[in-house]
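Q: Here it is, the structure in full.
The values are calculated or read from the model by the stated rules, or taken from the named source; none is laboratory data. Bear in mind that the values here come from a model prediction, so they are computed numbers and not experimental data. Neighbour counts are summed over all protein chains in view; Cβ atoms, including those assigned to glycine, are modelled from backbone coordinates with ideal geometry. Remember, those area values only see protein heavy atoms, side chains included, never the ligands or the DNA or RNA. Shrake-Rupley method; radii C 1.70, N 1.55, O 1.52, S 1.80 Å.
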Amino acid sequence: MNMAGLLNNDIISDFENSFRNNCLILIGEAYKWLKDTKNITVDWNEETISANIFTHINENEKAIEWNINVSDECRLYWPAILNNKKSAKSASRIDLKQSTNWNATKRVCYFIEAKNLIENNCTKQRGETKLNAKKIQQRYISTGIDHFISGEYPPNGCMLGYILEGTATRIVENINEILLAATRSSEILKKNESEYLEEAYISVHLNDCILHHYFLQFSNSQNSQ
């Protein structure tokens, strides 16, 4: 590749990094607004929290200024579906997608998969539904992390954990304990610095998959059962 090509790749890479940072800024502002204006408890479904984050980003003046569009519950159409080998109805969905255009020639996207998380077993006040903390933490791995590793979710994305009970520190320790028990010690989550979201972690997986995790702390305590 000639120098012009290398320079162009550097420019695109810088643009993608700036876009990703802007996506995190928008998520951070939506989180602050949601935490300040709503009483988020274990009664909230993750889809409802994501709907609020989607709406705040969609209406954020910065998103308009930066030409960032947001979509929710996005279907992912892989070649097997497009080639009629699998039903389009079977397509996986990812919770949020932020996108923009570079130089009117390239669309850049950032995908977010969100999961509710709790540290301790607890009971929903509405309907008295019992929530099992370990099963919910296992689900964060099996239908979140593992979907990025397998390629079911695009690599240009992150995990977003909605903490409805307990603390990020302890929940991450529990997730790491599950990974260790599954002989996946090289994949544990490690604290990472972020300018935009306080509880940031990173994990490294097979196929050179590097995954970023951001935990939104809505509640520090709930009555455990």
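Q: How much of the DSSP bridge set in the chain is antiparallel, in percent, rounded to the nearest 5? Could the numbers behind the result be given before it?
A: Working: 25 of 39 bridges.
Approximately 65 percent, going by the DSSP bridge assignments.
Q: Still on this structure, I have one more. What is the pair-distance distribution P(r) of the chain, computed from all Cα-Cα distances in 5 Å bins starting at 0, with each bin given as a whole percent?
A: Answer for the chain: a P(r) of 1, 6, 13, 17, 19, 17, 13, 8, 4, 2, 1, 0, 0 percent.
Q: Sorted from largest down, what three extents in whole angstroms do the Cα atoms of segment 1-90 have along their principal axes?
A: 56, 39, 21
Q: Also: When the accessible area of the chain is computed with all protein chains present and a 1.4 Å probe, what percentage of it is carbon and sulfur? Spell out each step's value before the answer.
A: Working: 5760 of 12400 Å².
Answer for the chain is 46 percent, counting heavy atoms of protein chains only.
Q: What is the Å³ per residue value for the convex hull set by the Cα atoms of segment 130-225? Intermediate values should be presented prior to the final figure.
A: Details: hull volume 9.7 nm³, N = 96.
In segment 130-225, the Cα hull volume divided by residue count equals 101 Å³.
Q: Could you state the number of Å between the C-alpha centres of segment 153-177 and segment 87-145?
A: 10
Q: Also, quick follow-up: Using a Förster radius of 30 Å, what is the FRET efficiency between N9 and Y77 based on their Cβ-Cβ separation? Nearest 0.05, please.
A: Details: r = 27 Å, r/R0 = 0.91.
Efficiency computed from Cβ-Cβ geometry: 0.65.
Q: For N156 and N101 in one chain, what is 0.36 nm times their gap in residues minus the Cα-Cα distance, to one decimal in nm?
A: Working: separation 55, 0.36 × 55 = 19.80 nm, distance 1.51 nm.
Roughly 18.3 nm would be gained on extension.
Q: Among N116, N17, N103, which one shows the biggest mean-square fluctuation in a GNM of the chain, springs joining Cα atoms closer than 10 Å?
A: So, out of N116, N17, N103, the one fluctuating most is N103.
Q: Residue farthest toward the positive end of the dipole of the chain, with Cβ of Lys/Arg at +1 and Asp/Glu at -1: which of G144, C23, I112?
A: The listed residue farthest towards the positive side: G144.
Q: What does the accessible area per residue of segment 162-209 come to in Å², with a 1.4 Å probe and no ligands, DNA or RNA counted? Could you put the intermediate results ahead of the total?
A: Numbers: 2630 Å² over 48 residues.
About 55 Å² of surface per residue is accessible.
Q: Okay, next question. For K89 and S185 in one chain, what is 0.36 nm times their gap in residues minus the Cα-Cα distance, to one decimal in nm? The partial results should precede the final answer.
A: Working: separation 96, 0.36 × 96 = 34.56 nm, distance 3.56 nm.
Length difference between fully extended and current span is 31.0 nm.
Q: Then there's this: Which ³J(HN,Hα) values, rounded to whole Hz and listed in residue order, are derived for segment 169-181 from phi using the Karplus coefficients 6.51, -1.76 and 1.60 in 6.51 cos²θ - 1.76 cosθ + 1.60 with θ = phi - 60°, glycine and proline given as x?
A: Rounded to whole hertz, the list is 4, 6, 5, 4, 4, 5, 4, 5, 5, 5, 5, 5, 5.
Q: Continuing with the same structure: Springs between alpha-carbon atoms under 10 Å, Gaussian network over the chain: tell me which of E187, E128, E73 tops the mean-square fluctuations.
A: Maximum fluctuation in the GNM of the chain, among the listed residues, is at E128.
Q: If the limit is 27 Å between Cα atoms, which of K62/K89; K134/K190; K97/K124; K35/K135 go over it? Please report the intermediate quantities before stating the final value.
A: Numbers: K62/K89 34 Å; K134/K190 19 Å; K97/K124 29 Å; K35/K135 25 Å.
Exceeds cut-off: K62/K89; K97/K124.
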